[in-house]
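Okay, structure first, notes after.
The values are calculated or read from the model by the stated rules, or taken from the named source; none is laboratory data. Computed from a predicted model, the values in this text were never measured in an experiment. Heads up, the Cβs are rebuilt from the backbone with ideal geometry, glycines too, and the neighbour counts pull from every protein chain shown.
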Ligand SMILES: C[S@@+](CC[C@H](N)C(=O)[O-])C[C@H]1O[C@@H](n2cnc3c(N)ncnc32)[C@H](O)[C@@H]1O
C-alpha cells in the first residue's frame, strides 16, 4: 500500500537533481514537467558544417575557441544520463505522469525506459516557427515531448478545441532569459491537463524556471531543481515577479 506524502510548500532547490530527488519524500509528486538537456552525440561532439554559424561565443551548449573559430558541443545527454534520472522517479510519483521535452535521438530511450517499467508513453510535438531552412532535409520545425504515464492519469477536460491534440502550437520565446527557455503556455497546458489545483509539479531540470512559473500561475505547488548558479538566479527572480493565484498559499 502507498502512503501518499504531502508537500506543503513550493520550493526552488539549487543542486544536483539526482541528490535532491533522493531526499524528496516518496509518493509526493503529482506530475513531472521537464526539459532535460538534449543529446548531440551523433555528431560525436562536433558540429556539422553550417551549424557553426549558430555559435560565436561560449554558452551552456557550446565551447567556442576564439583563436581557431572552432565550436564544440558540450552537452551529450545520453541514454545512461536519461536512465539515471528516470530511475529516481517511480519512488516519488503518486502515479507515474511525466511530460519530458527531448530531441529526436532521445525518443527511443525514453520510450524504452517506459516500456521496461510497465508504463505507457505518447509522443507529442511542439510545432514551432521555422528557423534555419535546409532544402535537403525535413524542416527543423518541431520539438518533441514524451509523455510517460500509467492508468489512472486521464486528462482533465479543457475548454478549447485542441483538447487532446498531440500537436501543440506556440511561438518560441523571443527574448530568452536562458538559451533553452521554453514557452510557458506549453508547460501551463500540461499542468492544466494533468493536475488539479494544489497538486505538486516537479521539474528536476528547471533552467530559467518556466515550469515553476506555470505551476504558480495555475495555483499548483512546484519543486524546481537547477544546478547552474546563473540559471537558478534567473528562476528565483522570475518567480518573485509572478502573482500567486491560489487561495491555499
Ligand atoms: C534545457 S534546460 C531547461 C530549460 C527550461 N525548460 C526553461 O524554460 O528555461 C535544462 C536545464 O537542466 C539543468 N541541469 C542539467 N543537469 C542538471 C542536474 N544534474 N541537476 C540539476 N539541473 C541540471 C541545466 O543547467 C539547464 O538549465
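Numbers at a glance
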item: The stretch 97-111 residues that are in contact (Cβ under 8 Å) with a residue 24 or more places away in the chain, paired with ones that are assigned to a helix (DSSP H, G or I) and within 14 Å of the ligand (Cβ to nearest atom) (beta carbon under 7 Å, 6 or more apart); result: 99/190; 106/82; 109/82; 110/82
item: Any hit, the stretch 166-185, residues being in contact (Cβ under 8 Å) with a residue 24 or more places away in the chain, in contact with a strand residue (DSSP E or B) (Cβ under 8 Å, 6 or more places away or on another chain) and under 13 Å from residue 32 (Cα atoms); result: no
item: Conditions (1) within 18 Å of residue 126 (Cα to Cα); (2) under 15 Å from the mean Cα position of the chain (by Cα); (3) within 12 Å of the ligand (Cβ to nearest atom); number of the one not met by residue 178; result: (1)
item: Test for residue 42: is it more than 12 Å from the ligand (Cβ to nearest atom), touching a strand residue (DSSP E or B) at 6+ places or on another chain (Cβ under 8 Å) and modelled with pLDDT under 95; result: no
item: Residue in the stretch 53-62 that is within 16 Å of the ligand (Cβ to nearest atom), in contact with a strand residue (DSSP E or B) (Cβ under 6 Å, 6 or more places away or on another chain) and modelled with pLDDT of 60 or more present; result: no
item: Flag if residue 125 is modelled with pLDDT of 85 or more, outside any loop (DSSP other than H, G, I, E, B), within 16 Å of the ligand (Cβ to nearest atom) and under 15 Å from the mean Cα position of the chain (by Cα); result: no
item: Selection status of residue 148, within 16 Å of the ligand (Cβ to nearest atom), in a strand (DSSP E or B), touching a strand residue (DSSP E or B) at 6+ places or on another chain (Cβ under 6 Å) and under 29 Å from residue 25 (Cα atoms); result: no
